[in-house]
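Colleague: Please read through the structure below; I'll follow up with questions.
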Amino acid sequence: MIRLHLIFFLFLISSCSYSALPIDKISSELDTMSFEVVQKKLIVEDDLPIYVEKLLKKWFQEKVKINGFDGDMKFMVKEYQEKISSINEGKRVDLSLRFEVLIKKPTLSKRVIIKGKVESYGSLKGTFTLNEFDKIIQNTQIDLIVRLSRDLKSKI
C-alpha cells in the first residue's frame, strides 16, 4: 500500500513541472534604451496576436526608459502583418511590423519623429506537428520584437 502511495506521489510530482514563459527568457535579448522625456505611452493602432502584444508591452515597460525633465514620447505600432505560405515540403511564416515614435518637447519647441519597419521569418520543412509549427510562429514573433528593439535603439 505504501508503495502504491509512493508511486502515485512520484507520478503527481513529475507531471506538475513548471516551465518559464519564453517572454521571460527573451528579456535579456532585448536592448534597453532611454529617452529624455517625462512620459511615455504605447499606442497599438492595429490588431496584434495576443503573444506579440504581451511581448511588446513587456519590452516597452521594462526596456524603454525615460529620464528627462519635460516632454513626452509616444510609441505607435502602425501595422502588423503575418503571412503563412506553403513552400517546397513545408511552411513559411513572414512577419512585419511598422512603428513610429513621436517625441515632443514643448519647452524647446522640438518634435522628433522616428519611423521604421522590421521583418522576420521562420520556416519548417518535412513532416511536423501543429505544435511544432505554432512554436515556429512564436519564435518568429519573438525575433520580430528583438529586431524592433535593436532597430529602434540604432535610430536613437
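Colleague: Under 5 Å between amide hydrogens, which residues at least 5 positions from residue 71 or on another chain qualify, with H placed 1.01 Å from N in the peptide plane?
Modeller: 38
Colleague: Next question, about the same structure. Tally Lys and Arg at +1 and Asp and Glu at -1 over the other residues with C-beta under 11 Å from the C-beta of residue 70: what net charge comes out?
Modeller: +1
Colleague: Can I ask one more? So for 69, 99, fewest C-beta neighbours within 10 Å to most, what's the order?
Modeller: 69, 99
Colleague: Where does each of 80, 51 land when they are ranked from fewest to most other beta-carbon atoms within 10 angstrom?
Modeller: 51, 80
Colleague: What is the spread of the Cα atoms of segment 37-115 along each of their three principal axes, largest first, in whole Å?
Modeller: That works out to 59, 22, 17 Å along the principal axes.
Colleague: May I pose another question? Could you tell me the extents of segment 22-155's C-alpha atoms along the three principal axes, largest first, rounded to whole Å?
Modeller: 60, 25, 23 Å, listed from the longest principal axis down.
Colleague: For every other residue with a beta carbon closer than 12 angstrom to the beta carbon of residue 154, add +1 if it is Lys or Arg and -1 if Asp or Glu, then tell me the sum.
Modeller: Counting the neighbours of residue 154, the net charge comes to +2.
Colleague: With Cβ to Cβ distances under 10 Å as the rule, what net charge do the other residues near residue 106 carry (K, R +1; D, E -1)?
Modeller: Local charge sum for residue 106: +2.
Colleague: Do any GluC sites (Glu not before Pro) in segment 59-151 lie in a DSSP loop with no more than 16 other beta carbon atoms within 10 Å, and if so, which?
Modeller: Listed in order of number, the matching sites are 89.
Colleague: Follow-up question, since we're still on this one. Here are some pairs, 41/135; 91/115; 58/117; which of them have Cα atoms lying more than 23 Å apart in this structure?
Modeller: Cα-Cα > 23 Å for 41/135; 91/115; rest within.
The numbers here are math on the coordinates, done by the rules we state, and not lab data. Remember, predicted model here, so these are calculated numbers, not experimental data. Backbone-built Cβ (ideal geometry, glycine too); neighbour counts: all protein chains shown.
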